[in-house]
Amino acid sequence: MNKEDCYELGRITKVHGLKGEVQLLFEVDDPFEYEDLDSVLLEVKGQLIPYFIEDLNIQSNKIIAKFEDITSIEKATPLVGAKLWLTLDNLPELDDDQFYFHDVIGYQVVDTNVGPLGTVREFASFSLQDLMVMDYEGKEVLIPVIDEIIGEADHEAKTLSVTLPEGLLDIYMSEAKDSEERDDADEEA
């Protein structure tokens, strides 16, 4: 199985108990959409390996899984940190105005006020906020993923509409300018 045919569901965060159970983090809006999973692909040494789920307990604040043939803490411990993948056909259907992050990688970002900016490189998920990483004039720009900023994706044109907060690009460009000035001063010294 190739990663191109899959999407990242989350990761194993820690061992749970002594009988081989693990705690999972699903990086999705609604983990309960996945409560009927019977298997996942674990990324082990760069390879996607199928693991069959014996039991999956999804609660509001944590997910506990028991995989077949993982019967002890010793067998579960090496799995901690492994990424969880599913094939693309497992993705829930979206409304027409929605998109999955992986769908827009490489799309041209177009601001409603400024026009074309850069391209979507990736998305980063943090506990409080998802961020879109955009390449803009050779710099990395982080854009919060919220409805007021991220607009619609045009899949035919491969563009993603945004309305950036005033001054956001200036922050990144002034940081880049300050860094260049420090580098120039260091070379002169």
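The values are calculated or read from the model by the stated rules, or taken from the named source; none is laboratory data. Owing to the predicted nature of the structure, the values given are computational and were not obtained by experimental measurement. Methodologically, a virtual Cβ is constructed for each residue, glycine included, from the backbone with ideal geometry; neighbour enumeration extends over all protein chains shown.
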Which numbered condition in (1) within 18 Å of the chain's Cα centre (by Cα); (2) assigned by TED's automatic domain parsing to the domain that holds F26; (3) not polar (S, T, N, Q) is the only one that V120 fails? (2)
Just one of the numbered conditions (1) over 19 Å from the mean Cα position of the chain (by Cα); (2) under 20 Å from K158 (Cα atoms); (3) of a type in the set (A, V, I, L, M) is not true of I105; which one? (1)
Looking at the range 12-61, which of its residues are outside any loop (DSSP other than H, G, I, E, B), of a type in the set (V, I, T) and surrounded by 14 or more Cβ atoms within 10 Å (Cβ to Cβ)? I12, T13, V15, V22, V40, I53, I58
With respect to E156, is the statement that it is in contact (Cβ under 8 Å) with a residue 12 or more places away in the chain and outside any strand (DSSP E or B) true? no
Verdict on P78 being assigned to a strand (DSSP E or B) and either within 28 Å of K19 (Cβ to Cβ) or without any contact (Cβ under 8 Å) to a residue 12 or more places away in the chain (or both): no
Tally of residues being part of a strand (DSSP E or B) and within 15 Å of Y100 (Cα to Cα) across the range 129-153: 8
